[in-house]
Amino acid sequence: MIKLIKLLAYLPLGVLYRLADVIYVFAYYLTPYRKPEVFKHLQAAFPDKSPAELRRLAQDFYRNAADIIVETIKALRISETELKRRVTLTNPELLQPYQAQNQSLLLMAAHQCNWEWLLLACGLHLSFPLDAVYKPLRNQAFDDLFLQIRSRFGARPVPVNSVIRDIMQRRQEMRGFAMLADQSPIIEEEKYWATFLHQDTVFPVGADKIARLTRYPALFVGIQRLRRGYYSVTFEPLAVPPYAKQGNPVIAPYVAAVERQILAQPANWLWSYRKWKYKKSLYD
């Protein structure tokens, strides 16, 4: 499988998008992938939408997800020039004052559009180093493959269980510390509950802990699909130090930013993810 993926990466994106069309048909019609969960999530998040609207939204999600699959494959071979052309930054000047002060940043994104291209493009466009928190995959071959992709254009993947040690070892260096924070925490972890897309939803609080430890300003990294294969990225301030010792000074505004992003382009979020597997009533 890994050899096949690496061979496919040599194909032009135009050809790979034809493959994405086939993947969409299989994933939505022939061998539905988590289709009941996707519809359940969409119905709960958009209670005012009609069945026809929800069906179109689900179809768009599966089409976009198929595109992300082939785009991630192409990330193994895509050139710097092509990626810069396809993923543009709308307001990179927002980061310049921090860089002038040698101030590291906490850059928080979500599973929206193509988050793999987002990391690679930021590594190309930004003039300071990027460290990206990641959770190692159980399959070593695929883990190695994604490490190869994510580190192509300068980003440095950091395993989630090494984050604190890595921060302390490199605390004098200016960098962007990138993370996806819209996943669910494991059951033993501390949790932040929010009303998110009309539902009680749990989020990890690691971003708050990192922000307090580092005193890094936190920014949301939003991404929007312009058309097939083209995206724009916008930075948005979330919170600045000093941070309160209690509460959720970073994750709370982050959750609000993620919800706004989803509502703007709902088909681009990862609806197949089991975000609502925990019920708040079990923890009250």
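Answer yes or no: is there a residue in the stretch 28-45 that is out of contact with any strand residue (DSSP E or B) (no Cβ under 9 Å at 6 or more places or on another chain), surrounded by fewer than 16 Cβ atoms within 10 Å (Cβ to Cβ) and polar (S, T, N, Q).
yes
Given the criteria outside any helix (DSSP H, G or I) and acidic (Asp, Glu), does GLU116 qualify?
Against the criterion (outside any helix (DSSP H, G or I) and acidic (Asp, Glu)), GLU116 does not qualify.
Quick one: in the stretch 1-46, of everything that is assigned to a helix (DSSP H, G or I), of a type in the set (Lys, Arg) and out of contact with any Phe, Trp or Tyr (no Cβ under 8 Å at 6 or more places or on another chain), which residue is farthest from LEU57 (Cα to Cα)?
Top of the filtered list is LYS3.
Considering only the stretch 87-111, state which residues are within 20 Å of ALA264 (Cβ to Cβ), out of contact with any Asp or Glu (no Cβ under 8 Å at 6 or more places or on another chain) and surrounded by 16 or more Cβ atoms within 10 Å (Cβ to Cβ).
Listed by number, the residues that qualify are VAL87, LEU89, LEU107, MET108, ALA109.
Only one of these conditions is not met by ASP131: (1) touching a Lys or Arg at 6+ places or on another chain (Cβ under 6 Å); (2) assigned to a helix (DSSP H, G or I). Which number is it?
Failed condition: (2).
It is to be established whether one or more residues within the stretch 256-274 are small (Gly, Ala, Ser) and in contact with a Gly (Cβ under 8 Å, 6 or more places away or on another chain).
Scanning the stretch 256-274 turns up at least one residue that is small (Gly, Ala, Ser) and in contact with a Gly (Cβ under 8 Å, 6 or more places away or on another chain).
Tell me yes or no: at least one residue of the stretch 93-102 is in contact (Cβ under 8 Å) with a residue 12 or more places away in the chain and within 30 Å of GLY14 (Cα to Cα).
No, there is no match, as no residue in the stretch 93-102 is in contact (Cβ under 8 Å) with a residue 12 or more places away in the chain and within 30 Å of GLY14 (Cα to Cα).
Does the stretch 84-96 include one or more residues that are assigned to a loop (DSSP other than H, G, I, E, B) and modelled with pLDDT under 95?
Scanning the stretch 84-96, I find no residue that is assigned to a loop (DSSP other than H, G, I, E, B) and modelled with pLDDT under 95, so the answer is no.
Out of all the residues in the stretch 134-151, which are in contact (Cβ under 8 Å) with a residue 60 or more places away in the chain and either over 14 Å from ILE78 (Cα atoms) or crowded, with 19+ Cβ neighbours inside 10 Å (or both)?
If the condition is that a residue be in contact (Cβ under 8 Å) with a residue 60 or more places away in the chain and either over 14 Å from ILE78 (Cα atoms) or crowded, with 19+ Cβ neighbours inside 10 Å (or both), then ALA141, PHE142, LEU145, ILE149 are the ones that fit.
Please state which of the following conditions PRO129 fails to meet, knowing it meets all the rest: (1) in contact with a strand residue (DSSP E or B) (Cβ under 9 Å, 6 or more places away or on another chain); (2) on the phi > 0 side of the Ramachandran plot.
(2)
Select from the stretch 231-251 the residues that are surrounded by fewer than 19 Cβ atoms within 10 Å (Cβ to Cβ) and out of contact with any Leu (no Cβ under 9 Å at 6 or more places or on another chain) and list them in ascending order.
Once the filter is applied, which keeps residues that are surrounded by fewer than 19 Cβ atoms within 10 Å (Cβ to Cβ) and out of contact with any Leu (no Cβ under 9 Å at 6 or more places or on another chain), the stretch 231-251 yields VAL240, PRO241, PRO242, ALA244, LYS245, GLN246, GLY247.
Among the residues of the stretch 47-62, write down those that are of a type in the set (D, E, K, R), without any contact (Cβ under 8 Å) to a residue 60 or more places away in the chain and in a helix (DSSP H, G or I). Break it down into steps so the answer makes sense when it comes.
Here is the first cut: in the stretch 47-62, the residues of a type in the set (D, E, K, R) are 48-49, 53, 55-56, 60.
With without any contact (Cβ under 8 Å) to a residue 60 or more places away in the chain added as a condition, the list becomes 48-49, 53, 55-56.
Answer for the stretch 47-62, where residues must be of a type in the set (D, E, K, R), without any contact (Cβ under 8 Å) to a residue 60 or more places away in the chain and in a helix (DSSP H, G or I): GLU53, ARG55, ARG56.
Of everything in the stretch 65-83 that's hydroxyl-bearing (Ser, Thr, Tyr) and assigned to a helix (DSSP H, G or I), which residue is nearest to the chain's Cα centre (by Cα)? Before the answer, list the steps.
Looking only at the stretch 65-83, we keep the residues that are hydroxyl-bearing (Ser, Thr, Tyr), and these are 72, 79, 81.
Restricting the remaining residues to those that are assigned to a helix (DSSP H, G or I) gives 72, 81.
Details: THR72: 13, THR81: 22 Å.
Looking at residues that are hydroxyl-bearing (Ser, Thr, Tyr) and assigned to a helix (DSSP H, G or I), I get THR72.
Could you say whether any residue in the stretch 176-186 is crowded, with 21+ Cβ neighbours inside 10 Å, in contact (Cβ under 8 Å) with a residue 60 or more places away in the chain and in contact with a His (Cβ under 8 Å, 6 or more places away or on another chain)?
Taking every residue of the stretch 176-186 in turn, at least one turns out to be crowded, with 21+ Cβ neighbours inside 10 Å, in contact (Cβ under 8 Å) with a residue 60 or more places away in the chain and in contact with a His (Cβ under 8 Å, 6 or more places away or on another chain).
Select from the stretch 152-166 the residues that are surrounded by 15 or more Cβ atoms within 10 Å (Cβ to Cβ), without any contact (Cβ under 8 Å) to a residue 60 or more places away in the chain and among the hydrophobic types (A, V, I, L, M, F, W, C) and write down the one among them that is farthest from PRO204 (Cα to Cα).
ALA155
For the subset of the stretch 235-284 comprising residues that are basic (Lys, Arg), more than 16 Å from the chain's Cα centre (by Cα) and outside any helix (DSSP H, G or I), which member is modelled with the lowest pLDDT?
LYS279
What number of residues in the stretch 200-230 are surrounded by fewer than 16 Cβ atoms within 10 Å (Cβ to Cβ) and not in a helix (DSSP H, G or I)?
6
The values are calculated or read from the model by the stated rules, or taken from the named source; none is laboratory data. It should be emphasised that the depicted structure is a prediction, and the values quoted were computed from it without experimental measurement. Using ideal geometry, Cβ is built from the backbone for each residue, glycine included, and neighbour counts are taken over all protein chains shown.
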